[in-house]
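Notes to accompany the following structure.
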Amino acid sequence: MSEKTASLRESFISALATADTMEALEAIRVEYLGKKGLVTDLLKDMKNLSPEDKKTFGQAVNVLKEEVTEMIAAKREEIKKAEIERENSLMPEFDISTPANLDRGSYHPITLVQRQCEEIFKSMGFAVEDYSEIVTDYECFEALNIPKNHPARDMQDTYYLSNGQLLKSHTSAAQNAIYKKYKDALIREGKPIKAIFPGRCFRNEATDACHENTFFQMEGVMVDKNISISNLIFFMKTMLSEVFQKDIKVRLRPGFFPFVEPGFELDISCLICGGEGCASCKHSGWLELCPCGMIHPEVLKAGGIDPEEYTGFAFGLGLTRLAMMKYGVKDIRDLNSGSLKVLSQFTDDK
Ligand code: DAH
């Protein structure tokens, strides 16, 4: 019987020598040590042996089993090591003593302000949504209660594509899609719609210190039962005092936007001139920062929400303007200049 264990041992050793991957090793393990494996199979012959022989044979099989288990474990380590060495040989060599690249880029001030606003609104339970820059006429205007030939379109002349789509002139263009996305959860589960959607906007506009053809806004909406203007004022005040880390002087004026009723202009006192009047605030001492209002019933309807049952507020925060205020940038054109001299001055902790 001992020849049987000896010959199985030999065949195992030569099989093991050919295994150079984990998969091949596993196949050998199953072949020898598996429930129906060759080592276990040996025990089948035991029944014909005398009790004395049974004992010696049983012991020999156990020794073989242990040996095979150990050899497999050792081989596993060997294969692992070879795999790591192979991976290392594919990696480019680098010198860890090289000094860090001190000319690293920095975040754009608008990115910094945007991220900060996102954090503030996220902490108040708002979802952050992304939306495309190319939208349809319906999304940008009609779903927002601005029909074709409405004079409100004059203020928002933008760039049109030959297929009739356009570069969005305001982040409000995403409102319709947001309502449609969240309305089922609102109606079926009573979950309020709370979302912000920052984005790049475009207008066919002559540029000066406070106008650009490309700028950033951040739209926000909240829809639920019994939402009122006081909810709107609360969220705006909380956000602005967090962004500026101090109490900011604000004023609310009536403002007309076809997609809200009533609509407001929320102005903040110009932080560049302290309210004295300068080119950035058109010498008024105030900067229009955040038009807002209660969402117009027609706009809710277009989004599939019953205005008899639900109300909501919306705001369109001028992120570009906010960045100018926060970092004291006097000319909006500097922000799109791509000039590293300007942009590398801003860091997270300013
Ligand atoms: N979309 C408007 C614009 O860019 C700004 C705006 C006004 C957004 C009122 C709103 C709002 O959500 O309620 O001129």
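The values are calculated or read from the model by the stated rules, or taken from the named source; none is laboratory data. Remember, it's a predicted structure, so these values are computed and weren't measured experimentally. Here the Cβ is made from the backbone with ideal geometry for all residues, glycine too, and neighbour counts use every protein chain on show. All accessible areas refer to the heavy atoms of the entire protein, side chains included, with ligands and DNA or RNA removed. Shrake-Rupley method; radii C 1.70, N 1.55, O 1.52, S 1.80 Å.
So G105 clears everything in (1) within 30 Å of Y160 (Cα to Cα); (2) surrounded by fewer than 16 Cβ atoms within 10 Å (Cβ to Cβ) except one condition, right? Which one?
G105 satisfies all of (1) within 30 Å of Y160 (Cα to Cα); (2) surrounded by fewer than 16 Cβ atoms within 10 Å (Cβ to Cβ) except (1).
What's the number of the condition V113 fails, among (1) out of contact with any Leu (no Cβ under 6 Å at 6 or more places or on another chain); (2) under 30 Å from L232 (Cβ atoms)?
V113 satisfies all of (1) out of contact with any Leu (no Cβ under 6 Å at 6 or more places or on another chain); (2) under 30 Å from L232 (Cβ atoms) except (1).
If we keep just the residues of the stretch 148-164 that are more than 21 Å from E212 (Cα to Cα) and more than 16 Å from the ligand (Cβ to nearest atom), which is farthest from the chain's Cα centre (by Cα)?
The extreme case among them is N149.
On the basis of being aliphatic (A, V, I, L, M), within 13 Å of the ligand (Cβ to nearest atom), outside any loop (DSSP other than H, G, I, E, B) and open to solvent by less than 60 Å² (accessible area, probe 1.4 Å), does M218 make the cut? Show your work before the answer.
Working: aliphatic (A, V, I, L, M): yes; within 13 Å of the ligand (Cβ to nearest atom): yes; outside any loop (DSSP other than H, G, I, E, B): yes; open to solvent by less than 60 Å² (accessible area, probe 1.4 Å): yes.
Yes.
Could you please give the count of residues in the stretch 143-173 that are under 23 Å from A195 (Cβ atoms) and touching a residue at least 60 places away in the same chain (Cβ under 8 Å)?
The number of residues fulfilling the criteria is 7.
Among (1) farther than 17 Å from I332 by Cα; (2) surrounded by fewer than 18 Cβ atoms within 10 Å (Cβ to Cβ); (3) within 20 Å of the chain's Cα centre (by Cα), which single condition is R200 missing?
For R200, the failing item is (1).
Residues that are free of Cβ contacts under 8 Å to residues at least 40 places away in the same chain, at least 2 per element: which strands (runs of 3 or more DSSP E) completely within the stretch 257-343 meet that?
The qualifying strands (runs of 3 or more DSSP E) are 260-269, 286-295.
Would the stretch 138-147 turn up any residue that is open to solvent by less than 60 Å² (accessible area, probe 1.4 Å), assigned to a helix (DSSP H, G or I), of a type in the set (G, A, S) and touching a helix residue (DSSP H, G or I) at 6+ places or on another chain (Cβ under 6 Å)?
Yes, the stretch 138-147 contains a residue that is open to solvent by less than 60 Å² (accessible area, probe 1.4 Å), assigned to a helix (DSSP H, G or I), of a type in the set (G, A, S) and touching a helix residue (DSSP H, G or I) at 6+ places or on another chain (Cβ under 6 Å).
Hey, any hits in the stretch 169-183 for a residue that's open to solvent by less than 50 Å² (accessible area, probe 1.4 Å), within 12 Å of the ligand (Cβ to nearest atom) and modelled with pLDDT under 95?
Checked the stretch 169-183: no residue is open to solvent by less than 50 Å² (accessible area, probe 1.4 Å), within 12 Å of the ligand (Cβ to nearest atom) and modelled with pLDDT under 95.
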